[in-house]
Amino acid sequence: MNQMSQESNRPAVSSEWRGLLDVPSEELAAWLAAHDEPPMRARQLRRWIIAGRAESFDQMTDLPRNLRRVLAENFEPLGTRIAHHSQSPDGTHKLLLRLPDGQSIECVLIQENKRRTACISTQVGCGMGCVFCASGLNGVARNLTSSEILEQLIRLRNLLPTDQRLTHIVVMGMGEPLANLDALLAALEIAGAKDGLDIGARHVTISTVGLPPKIRRLADLGKQYHLAVSLHAPNDELRTRIVPTNDKTGLKEILSAADYFFERTGRQVTYEYVLLQGINDSTDHAKELGRLLRGRRAHVNLIPFNDVSGLPYHAPTTAALSSFVESLRAAGISVKVRKRKGSTIDAACGQLRRQVDLEKQQPKLHSAEAV
């Protein structure tokens with residue numbers, strides 16, 4: 001494992017630095033005009049960062065040297081900084097990114113065959129409260145800005161050789177994507193542009209625990225994004241134990257919204273199901289799930305739980321996993337078991353951030369014990 005270090009939507013805390021992509025267009029235009037620079041410089045700057053992989057102003061060789069110097073005195077090309085970088089033997093990279101207000105988020109690059117998939121976050125923390133998830137253990141601090149979402153893609157893309165590009169995006173990192181939908185859509189619009197990262201909507205999957213009005217809004221956009229609904233249980237009683245926000249929605253409303261998404265877009269809905277040993281992994285649960293999804297154009301993505309320090313949950317046994325798969329297939333449900341990638345680098349959502357935060361607190365804990 002290789003490790004390196006560097007050191008509302010809009011953050012309320014004062015920032016130590018400011019990324020250029022987070023500067024509104026009007027403000028950047030005014031700044032350039034005040035420095036006797038033409039408006040075209042704004043397009044040049046964004047092109048260098050988004051398409052040109054520039055991480056310093058010195059790399060922007062078609063800009064005047066003096067402008068590069070003044071820019072460096074006022075801005076950073078990217079508003080995120082890499083606080084921690086881990087690489088797994090299977091080629092998975094995980095970044096812990098420090099934001100200007102001191103908060104941190106995670107993103108992951110997954111490499112398999114010719115696919116280069118970026119898994120990105122939309123919030124600092126998460127407010128959905130799923131009992132097994134490290135991301136939401138301390139709740140949600142704030143939404144990310146569109147540039148903070150976009151920069152995760154840029155940072156991950158910049159890890160690749162210059163002859164490679166990101167091919168897919170999964171919005172399955174920290175946070176509930178549909179709770180920050182406007183900022184997410186703005187970031188994906190740039191990511192999908194030919195002069196951006198050129199990642200088409202059909203290569204983007206947006207995950208949600210199930211916010212029916214937002215699912216319907218997403219369907220009405222006319223985009224070809226994939227939708228993944230984090231189900232985790234085949235009935236309301238069990239799902240509310242695992243996903244507390246379910247008591248405000250319920251499976252009937254969530255499935256109705258997912259059906260609407262399929263009707264409007266023609267895109268098959270994926271149902272994510274994290275298997276927790278002894279809780280939702282029995283054959284009876286699988287049969288109930290099969291009945292729930294029968295007649296729907298649906299695919300189930302089974303995810304054996306990835307152990308999180310401090311949480312009392314475990315992955316299912318091999319036998320339980322096999323039985324669950326067989327039961328779903330017997331019911332005519334399309335099913336796949338997600339491969340574990342990056343398990344040696346805490347690649348599951350929220351784990352690295354939690355580990356680093358705990359390490360920071362450790363000296364304070366020892367000090368308290370010594371008093």
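The values are calculated or read from the model by the stated rules, or taken from the named source; none is laboratory data. Predicted, not measured: the structure shown is a model, and the values here were computed from it. As a convention, Cβ positions derive from the backbone with ideal geometry for all residues, glycine included, and neighbour counts pool all protein chains shown. Quick note on the areas: whole protein, heavy atoms, side chains included, nothing else; ligands and nucleic acids left out. Shrake-Rupley method; radii C 1.70, N 1.55, O 1.52, S 1.80 Å.
Listed here are the residues, each with its yes/no results for (1) surrounded by 16 or more Cβ atoms within 10 Å (Cβ to Cβ); (2) in contact with a strand residue (DSSP E or B) (Cβ under 6 Å, 6 or more places away or on another chain); (3) within 22 Å of Thr162 (Cβ to Cβ).
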{"site": "Pro38", "(1), (2), (3)": "no, no, no"}
{"site": "Arg43", "(1), (2), (3)": "no, no, yes"}
{"site": "Arg47", "(1), (2), (3)": "no, no, yes"}
{"site": "Phe57", "(1), (2), (3)": "yes, no, yes"}
{"site": "Met60", "(1), (2), (3)": "yes, no, yes"}
{"site": "Ala72", "(1), (2), (3)": "no, no, no"}
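Hey, could you check segment 249-283 for residues that are over 23 Å from Gly173 (Cα atoms) and among the basic types (Lys, Arg) and say which is least open to solvent (accessible area, probe 1.4 Å)? Among those residues, the one meeting the criterion is Arg264.
Scan segment 112-127 residue by residue and report those that are in contact with a Pro (Cβ under 8 Å, 6 or more places away or on another chain) and either among the aliphatic types (A, V, I, L, M) or more than 30 Å from Asp101 (Cα to Cα) (or both).
To start, the set of residues in segment 112-127 that are in contact with a Pro (Cβ under 8 Å, 6 or more places away or on another chain) comprises 122.
Answer for segment 112-127, where residues must be in contact with a Pro (Cβ under 8 Å, 6 or more places away or on another chain) and either among the aliphatic types (A, V, I, L, M) or more than 30 Å from Asp101 (Cα to Cα) (or both): there is none.
On the stretch given as segment 50-73, residues that are part of a helix (DSSP H, G or I) and either at positive phi or at pLDDT below 95 (or both) total 0. Considering each residue of segment 97-107 in turn, none proves to be over 29 Å from the mean Cα position of the chain (by Cα), under 19 Å from Asn158 (Cβ atoms), among the hydroxyl-bearing types (Ser, Thr, Tyr) and at pLDDT 95 or above. For segment 204-222: of the residues being at pLDDT 95 or above, of a type outside the set (Val, Ile, Thr) and in a loop (DSSP other than H, G, I, E, B), which is most open to solvent (accessible area, probe 1.4 Å)? Going through the qualifying residues, I end up with Leu221. Confirm whether Arg116 is open to solvent by less than 60 Å² (accessible area, probe 1.4 Å) and either over 30 Å from Val209 (Cα atoms) or outside any strand (DSSP E or B) (or both). Answer is no for this residue. Residues in segment 133-154 that are part of a loop (DSSP other than H, G, I, E, B) and out of contact with any Pro (no Cβ under 9 Å at 6 or more places or on another chain): Cys133, Ala134, Ser135, Gly136, Leu137, Asn138, Gly139, Leu144. Restricting Gly129, Gly139 to those that are open to solvent by 20 Å² or more (accessible area, probe 1.4 Å), in contact with a strand residue (DSSP E or B) (Cβ under 7 Å, 6 or more places away or on another chain) and modelled with pLDDT under 95 reduces the list to Gly139.
Please go through segment 322-334 and pick out each residue that is open to solvent by 40 Å² or more (accessible area, probe 1.4 Å) and of a type in the set (A, V, I, L, M, F, W, C). Matches in segment 322-334: Ala330 only. Give the residues of segment 155-168 that are farther than 15 Å from Glu106 by Cβ and either in a helix (DSSP H, G or I) or within 9 Å of the chain's Cα centre (by Cα) (or both), sorted by residue number. Answer for segment 155-168, where residues must be farther than 15 Å from Glu106 by Cβ and either in a helix (DSSP H, G or I) or within 9 Å of the chain's Cα centre (by Cα) (or both): just Arg157. Quick one: would you say Leu292 is among the hydrophobic types (A, V, I, L, M, F, W, C) and closer than 26 Å to Ile206 by Cβ? When the stated conditions are applied, Leu292 passes them. Take the conditions under 27 Å from Pro24 (Cα atoms), modelled with pLDDT of 95 or more and more than 14 Å from the chain's Cα centre (by Cα) and apply them to Ala201. Does it pass? Yes; evaluated as a whole, the condition is true for this residue.
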